[in-house]
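Visitor: Before I ask anything, here is the structure I am working with.
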Protein chains: 2
Amino acid sequence: MVALNLKIGDLSRRTRCPAQTIRYYEREGLLPEPTRTAGNYRVYGSEHVEQLAFIRNCRSLDMTLREVRQLLRVRDIPDENCDAAHRLLDEHIAHVATRVAELQLLEKQLKGLRRQCGTAHADKECGILNGLGRRTLADADKKPAAHVRGTHHG
Amino acid sequence: MVALNLKIGDLSRRTRCPAQTIRYYEREGLLPEPTRTAGNYRVYGSEHVEQLAFIRNCRSLDMTLREVRQLLRVRDIPDENCDAAHRLLDEHIAHVATRVAELQLLEKQLKGLRRQCGTAHADKECGILNGLGRRTLADADKKPAAHVRGTHHG
DNA sequence: TTAAAACTCTGTAGCAACTCCAAGGTCAAG
DNA sequence: CTTGACCTTGGAGTTGCTACAGAGTTTTAA
């Protein structure tokens, strides 16, 4: 159960992961290099299907590729105990919880700002625009804290 | 009230914004180009202090630079009514609310996964590692939805 | 058989919002 | 006159992809 002989497009359809992304994971060392055909096409087996599924599951849980790499390493050391996986997951949960709290505070601030102007009028009287210009909105200087970013509405 | 004659380091300290970032905002057209000394040093006035404060306030509310640019444009059209600012802020609030909901779901899933293995043991029996390998964690294929990313614990 | 369509290959650039580095110019103090 | 703090520009790195471009390969249909 290793030789399925999938081309990259087949693997892509099977895992709902774009082919470009599969190549990217390979470059990044998350997926082992597949064998090649005479024509230099990549050929995948079931181990690739499974590993890619693992990666995508982790990603859907918003883990970074760094974390995925660590989990893969843990997974591949047989008969080790799974403390490392526990720690990683616990840390990840903590990060998410932190971010939720931050965003909830943010939401409150935004709604407060929004209440400062409910109606249309000339810009110079707009409580929102004025509020944003003021040196202090609630409390000033708190660092963005490095891991804090990301609402990413594109 | 325009000529304070601040050098970039002075402005940086005053606004707690790194000098590099100030130059970046200038390149991106968010801050007007300052005058220069004979030695080619940037010289800032109070209008720069105020505009930079505005930008940083927006950023601390997690707005994108694109949104900030739009708000600045709105602000600089005098006697216009502030509908545009309202719409922008409402949209931003909606994005944040969406992201909060997503992250809360995520947190639940992660905690569920964590519960699958409470104790140390050999990796191959670990419910976490096994759970991540399974083809379906909760429900499979839901798109990352483009603006959904970002917990970014670096 | 052959020509078009569909697929794959590599490599590069772009996104957001910075941050960091290098190599050098400018200015005040000692 | 030299040290050091500051400033200048330009370019690369970060994260996790996505989107080309230009070329080669394989499959399908006429």
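Visitor: Which of the residues belonging to the range A:132-154 are closer than 27 Å to B:ALA101 by Cα and either modelled with pLDDT of 80 or more or not in a loop (DSSP other than H, G, I, E, B) (or both)?
Guide: Within the range A:132-154, A:LEU132 is the sole residue that qualifies.
Visitor: Which one of these is among the polar types (S, T, N, Q) and in contact with a helix residue (DSSP H, G or I) (Cβ under 8 Å, 6 or more places away or on another chain): B:GLN109, B:GLN70?
Guide: Being among the polar types (S, T, N, Q) and in contact with a helix residue (DSSP H, G or I) (Cβ under 8 Å, 6 or more places away or on another chain) holds for just one of B:GLN109, B:GLN70, which is B:GLN70.
Visitor: So which residues in the range A:7-30 are touching a Phe, Trp or Tyr at 6+ places or on another chain (Cβ under 8 Å) and away from DNA strand D (no atom under 12 Å from the Cβ)?
Guide: Scanning the range A:7-30 gives a single hit, A:LEU11.
Visitor: Considering only residues that are farther than 20 Å from B:ARG75 by Cα and either in contact (Cβ under 8 Å) with a residue 12 or more places away in the chain or surrounded by 15 or more Cβ atoms within 10 Å (Cβ to Cβ) (or both), which ones fall in the range B:35-48?
Guide: If the condition is that a residue be farther than 20 Å from B:ARG75 by Cα and either in contact (Cβ under 8 Å) with a residue 12 or more places away in the chain or surrounded by 15 or more Cβ atoms within 10 Å (Cβ to Cβ) (or both), then B:TYR41, B:ARG42, B:VAL43, B:TYR44 are the ones that fit.
Visitor: Would you be able to tell me the number of residues in the range A:66-97 that are touching a residue at least 40 places away in the same chain (Cβ under 8 Å) and more than 7 Å from chain B (Cβ to nearest Cβ)?
Guide: The qualifying residues number 2.
Visitor: Return yes or no: is A:ASN57 within 14 Å of DNA strand D (Cβ to nearest atom) and in contact with a Lys or Arg (Cβ under 8 Å, 6 or more places away or on another chain)?
Guide: Judged against the criteria, A:ASN57 is a match.
Visitor: Could I ask something else about it? For the range A:104-113, how many residues are in contact with a Gly (Cβ under 9 Å, 6 or more places away or on another chain) and at the interface with another protein chain (Cβ under 9 Å from one of its Cβ atoms)?
Guide: 1
Visitor: Oh, and also: In the range B:1-76, which helices (runs of 4 or more DSSP H) lie fully inside it and hold 3 or more residues that are more than 24 Å from A:LEU110 (Cβ to Cβ) and within 12 Å of DNA strand C (Cβ to nearest atom)?
Guide: Because the criterion is at least 3 residues that are more than 24 Å from A:LEU110 (Cβ to Cβ) and within 12 Å of DNA strand C (Cβ to nearest atom), the helices (runs of 4 or more DSSP H) in the range B:1-76 that meet it are B:8-15, B:19-27.
Visitor: Then there is this: A:GLN51: buried (at least 18 other Cβ atoms within 10 Å of the Cβ) and more than 7 Å from chain B (Cβ to nearest Cβ), yes or no?
Guide: yes
Visitor: Would you confirm, using the coordinates I've provided, whether A:LEU88 is within 14 Å of DNA strand D (Cβ to nearest atom), under 19 Å from B:GLU125 (Cβ atoms) and out of contact with any Asp or Glu (no Cβ under 9 Å at 6 or more places or on another chain)?
Guide: No.
Visitor: How many residues does the range A:114-129 hold that are buried (at least 16 other Cβ atoms within 10 Å of the Cβ) and more than 7 Å from chain B (Cβ to nearest Cβ)?
Guide: 1
Visitor: While we're looking at this one, here's another question. Is there a residue being at pLDDT 90 or above, within 16 Å of DNA strand D (Cβ to nearest atom), within 19 Å of the chain's Cα centre (by Cα) and facing another protein chain (nearest Cβ under 9 Å) anywhere in the range A:31-44?
Guide: The answer is no, given that none of the residues of the range A:31-44 is at pLDDT 90 or above, within 16 Å of DNA strand D (Cβ to nearest atom), within 19 Å of the chain's Cα centre (by Cα) and facing another protein chain (nearest Cβ under 9 Å).
Visitor: Pick from A:LEU6, A:LEU65: which is closer than 27 Å to B:GLY112 by Cα and at pLDDT 90 or above?
Guide: A:LEU65
The values are calculated or read from the model by the stated rules, or taken from the named source; none is laboratory data. Small disclaimer: the values here were computed from a predicted structure and weren't measured. In this analysis, Cβ positions are derived from the backbone assuming ideal geometry, glycine residues included, and neighbour counts consider all displayed protein chains.
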